[in-house]
Amino acid sequence: MKIHCRKLNDIDYLNMRALLLRDGANDWNYITEESISNQFTLIDEGRASVALAEVEEGEIIGFAVIIHNDAFPVKLVKYTDSSDIAYIKEVVVSKSHSGKGLGSKLLQECVLIARNQNASNVFIERHEENAASAGMMRKAGFEIIDTFYDPKKRSAGSRNTSVLAKCT
């Protein structure tokens, strides 16, 4: 298995979309077709990168999308005095490969990508009660910096979003 960043082709995008909708959607995650399309556009424009987990080239079993400093959500500005930040938008691992540490390895690859892009901080969000994501993010060295009520994005449980950060 290989965790890396490479140029994507049309089949990769189809496989990533299918993986995200099949194995990424649950009560804790907010995934829409519009969000997926927006992320893929940012990747095409070079404003985001993808860390891939592949068994062999083309067989994607997990990925993470990291948005570079000029395209990050404006709401993150309140957590830093710097514009050189990155934001991890999605992390998904195939259910058949979950529980093997791939998610945290993808996050670590995203931190390396961010460092190479000269980002000083990397941010990520999760549902406050998503224990699997909490463990994955903690294992990758992310720390909670804020939790807030987020009813537009969260429909289950506490409906709170936790924001986490890691310095590169």
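The values are calculated or read from the model by the stated rules, or taken from the named source; none is laboratory data. Everything numeric in this text was worked out from a predicted model, so none of it was measured. FYI the Cβ positions are ideal-geometry reconstructions off the backbone, even for glycines, and counts take in every protein chain you see.
Residues in region 22-68 that are outside any loop (DSSP other than H, G, I, E, B) and over 23 Å from residue 136 (Cα atoms): 33, 34, 37, 38, 40, 41, 42, 43, 44.
Within region 31-42, residues that are of a type outside the set (A, V, I, L, M, F, W, C) have Cβ atoms under 6 Å from residues that are modelled with pLDDT of 95 or more in these pairs: 39/65, counting only partners at least 6 apart in sequence or on another chain. Would you check which residues across region 69-89 are of a type outside the set (A, V, I, L, M, F, W, C), within 14 Å of the chain's Cα centre (by Cα) and not in a strand (DSSP E or B) and list them? Listed by number, the list holds a single entry, 73.
Considering region 117-168, and only residues there that are in a loop (DSSP other than H, G, I, E, B) and touching a Gly at 6+ places or on another chain (Cβ under 9 Å), the residue that is nearest to residue 23 (Cα to Cα) turns out to be 130. Does residue 103 meet the test of being surrounded by 22 or more Cβ atoms within 10 Å (Cβ to Cβ), touching a residue at least 12 places away in the same chain (Cβ under 8 Å), in contact with a helix residue (DSSP H, G or I) (Cβ under 9 Å, 6 or more places away or on another chain) and small (Gly, Ala, Ser)? In short, yes.
Number of residues in region 121-131 that are under 14 Å from the mean Cα position of the chain (by Cα) and farther than 28 Å from residue 69 by Cβ equals 0.
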